[in-house]
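The values are calculated or read from the model by the stated rules, or taken from the named source; none is laboratory data. Note that the structure is predicted; figures quoted are calculated from it, not measured. Note: ideal-geometry Cβ built from the backbone for every residue, glycine included; neighbour counts use all protein chains shown. The accessibility values were calculated without ligands, DNA or RNA, using every heavy atom of the protein model including side chains. Shrake-Rupley method; radii C 1.70, N 1.55, O 1.52, S 1.80 Å.
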Amino acid sequence: MRVGAIGVGAHACNAILPNIPVAGMTLAATCARHLDRAEAVGDRFGAGSAFDDVERMLDEAELDGVVVVVPPDQFFDVIRTCIGRGVPVFAEKPAANDAAEGRALAEEAAQAGVTVMVGYMKRFAGGYRIAKEITEKPEFGALTLGSFTWSMGPFAHRFDMRDWLFENPVHHFDLARFFFGELEDVHVRRGRGDEHTVAILASSESGALVNIRANTTGSWEQHNEALEIFGEGHSLFVDNVDTCTWRPPTRPERTWRPNYTVPVAANMTAATLGFGPELEHFRRVVSEAIPNESDIASAAATLALTSRIAEQVLR
């Protein structure tokens, strides 16, 4: 599967492009606003051609799909162009500037029958995938309570509250939807201080309670995220992405984490964080027609939830 990369900035080069061959795809072309940048990154990752115009790349490169990593306000036009050409899209989150743009893209993609997958990589991270499998076991019972923690080091100097919510905690807002479905009756409190602190309490459609805590008052060198879910007698805990512990009603508990000493793909950082598996999922959605577990319609719903949270925070 030949793909072109639209956007070749630091995040694309660090997290996305290195995982394209691991996911079973070939980077055939790069595209950026500045041709010299597209050429330099193309040379680094083995792309055969470089462009500074999206439509020209789609005309000339003979692609089976594109990988889009651009700022939020640029996604809409790029993805819409690809949909119009019938080219499948993998877009880094959030894939749109707001929920309205996301819904419009979802409608156009559905009408055209074109795949648009959005890279909420935590849905594909190893520890969270195991957690999802556990919560779906009949013996785990109905989900009753979920607690999500997203903690970062100081970041308010880079993003104001609104932009930070859409850039970082949005991952856990999406993860909450991944496990619990759509959230309602959302209540938000904002902490004081120069950095960002928010606490969110909501209900799922099934009646479970969901708590999400996010801040920039933590440390960049300590654990930054956690997830705890209770069923009926059973519970689980995912610590800092990589370690999932299942706690059945009676001991012993069971713990999974990557076996880092064995150098296979499943134990590498890309699989732990989800960047590799999400790209592999995109390839399989396009080439094998498996269900898309992170489509643009779902991404629009995550943006809508984020907007509801932001509106309460910024009152």
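State yes or no: is A15 of a type in the set (G, A, S), part of a strand (DSSP E or B), under 22 Å from A299 (Cα atoms) and at pLDDT 95 or above? It is false that A15 is of a type in the set (G, A, S), part of a strand (DSSP E or B), under 22 Å from A299 (Cα atoms) and at pLDDT 95 or above. The number of residues in region 167-225 that are open to solvent by 70 Å² or more (accessible area, probe 1.4 Å) and β-branched (V, I, T) comes to 1.
Determine whether region 132-149 contains at least one residue that is open to solvent by 50 Å² or more (accessible area, probe 1.4 Å), assigned to a loop (DSSP other than H, G, I, E, B), touching a Leu at 6+ places or on another chain (Cβ under 9 Å) and over 13 Å from S294 (Cβ atoms). Scanning region 132-149 turns up at least one residue that is open to solvent by 50 Å² or more (accessible area, probe 1.4 Å), assigned to a loop (DSSP other than H, G, I, E, B), touching a Leu at 6+ places or on another chain (Cβ under 9 Å) and over 13 Å from S294 (Cβ atoms). Residue under question is L105, and the condition is that it be of a type outside the set (V, I, T), in a loop (DSSP other than H, G, I, E, B) and more than 15 Å from L279 (Cα to Cα); does it hold? In short, no.
On inspection, I79 qualifies as closer than 20 Å to A12 by Cα, part of a helix (DSSP H, G or I) and modelled with pLDDT of 95 or more.
Yes/no per residue for (1) under 26 Å from the mean Cα position of the chain (by Cα); (2) on the phi < 0 side of the Ramachandran plot; (3) crowded, with 22+ Cβ neighbours inside 10 Å:
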| residue | (1), (2), (3) |
| --- | --- |
| P18 | yes, yes, no |
| P21 | yes, yes, no |
| T26 | yes, yes, no |
| L35 | no, yes, no |
| A38 | yes, yes, yes |
| R44 | yes, yes, no |
| L58 | yes, yes, yes |
| V67 | yes, yes, yes |
| I79 | yes, yes, yes |
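Counting the residues of region 43-59 that are without any contact (Cβ under 8 Å) to a residue 24 or more places away in the chain and in a helix (DSSP H, G or I) gives 3. Going by the structure shown, is R158 of a type outside the set (D, E), open to solvent by 20 Å² or more (accessible area, probe 1.4 Å) and part of a loop (DSSP other than H, G, I, E, B)? When the stated conditions are applied, R158 passes them. Checked against (1) surrounded by fewer than 22 Cβ atoms within 10 Å (Cβ to Cβ); (2) over 16 Å from the mean Cα position of the chain (by Cα); (3) assigned to a helix (DSSP H, G or I), V114 meets all criteria but (3).
Take the residues of region 169-193 that are out of contact with any strand residue (DSSP E or B) (no Cβ under 7 Å at 6 or more places or on another chain), part of a loop (DSSP other than H, G, I, E, B) and touching a residue at least 24 places away in the same chain (Cβ under 8 Å): which is farthest from S307 (Cα to Cα)? Applying the filter and picking the extreme gives G193. For A61, the test of being at pLDDT 95 or above, touching an Asp or Glu at 6+ places or on another chain (Cβ under 7 Å) and of a type outside the set (S, T, Y) is failed.
Can we say A266 is aliphatic (A, V, I, L, M), under 17 Å from V3 (Cβ atoms) and in contact (Cβ under 8 Å) with a residue 12 or more places away in the chain? It is false that A266 is aliphatic (A, V, I, L, M), under 17 Å from V3 (Cβ atoms) and in contact (Cβ under 8 Å) with a residue 12 or more places away in the chain. Of all the listed residues (R247, R254), the sole one being of a type in the set (K, R), without any contact (Cβ under 8 Å) to a residue 12 or more places away in the chain and more than 26 Å from H187 (Cβ to Cβ) is R254.
If I filter region 202-223 for residues that are part of a helix (DSSP H, G or I), at negative phi and not charged (D, E, K, R), do I get at least one hit? Checked against the condition, which is being part of a helix (DSSP H, G or I), at negative phi and not charged (D, E, K, R), region 202-223 yields no hits at all.
Of all residues in region 258-315, those being touching a His at 6+ places or on another chain (Cβ under 8 Å) and crowded, with 22+ Cβ neighbours inside 10 Å number 1.
Candidates in region 260-315 are the residues that are among the β-branched types (V, I, T) and touching a Lys or Arg at 6+ places or on another chain (Cβ under 8 Å); of these, the one that is farthest from E182 (Cα to Cα) is I290.
Of all residues in region 287-302, those being closer than 24 Å to P72 by Cβ, part of a helix (DSSP H, G or I) and more than 12 Å from the chain's Cα centre (by Cα) number 3. Within region 242-257, does at least one residue satisfy the condition of being open to solvent by less than 40 Å² (accessible area, probe 1.4 Å), outside any loop (DSSP other than H, G, I, E, B), under 18 Å from A131 (Cβ atoms) and charged (D, E, K, R)? The answer is no, given that none of the residues of region 242-257 is open to solvent by less than 40 Å² (accessible area, probe 1.4 Å), outside any loop (DSSP other than H, G, I, E, B), under 18 Å from A131 (Cβ atoms) and charged (D, E, K, R).
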